[in-house]
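The values are calculated or read from the model by the stated rules, or taken from the named source; none is laboratory data. Remember, predicted model here, so these are calculated numbers, not experimental data. Don't worry about glycine lacking a Cβ; one is built from the backbone with ideal geometry, like all the others, and counts go over all protein chains shown. The area values use the complete protein model at the heavy-atom level, side chains included, leaving out ligands, DNA and RNA. Shrake-Rupley method; radii C 1.70, N 1.55, O 1.52, S 1.80 Å.
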Amino acid sequence: MKQHENANRCIACTVDECTHHCSEDYCTLDRILVGTHEYNPTQDQCTDCKSFMRKA
């Protein structure tokens, strides 16, 4: 099965280094977990995709 056939068009993603990234700039997961590394996040840079897995 081609990677773009697994694209979840509800989750846009441009992180090519992630295992779950689809060539069409979408995630292939059914859902993702978004979290933060800050006590009181105030900017988008304070949030993280906790579902990220670096490509081998």
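Diffusion of the chain by Stokes-Einstein, at 20 °C in a medium of 1.002 mPa s and with Rh set to the Kirkwood radius over alpha-carbon pairs, works out to 178 µm²/s.
The amide H of Ser51, built 1.01 Å from its N in the peptide plane, has Leu33 as neighbours under 5 Å, considering only residues 5 or more places off or on other chains. The Cβ shell under 12 Å around His21 holds other residues with a net charge of -2, Lys and Arg each +1, Asp and Glu each -1. Looking at the chain, the accessible area is 82 square angstrom per residue; that uses a 1.4 Å probe and ignores ligands, DNA and RNA.
The share of accessible area on the chain that comes from carbon and sulfur is 49 percent, using a 1.4 angstrom probe.
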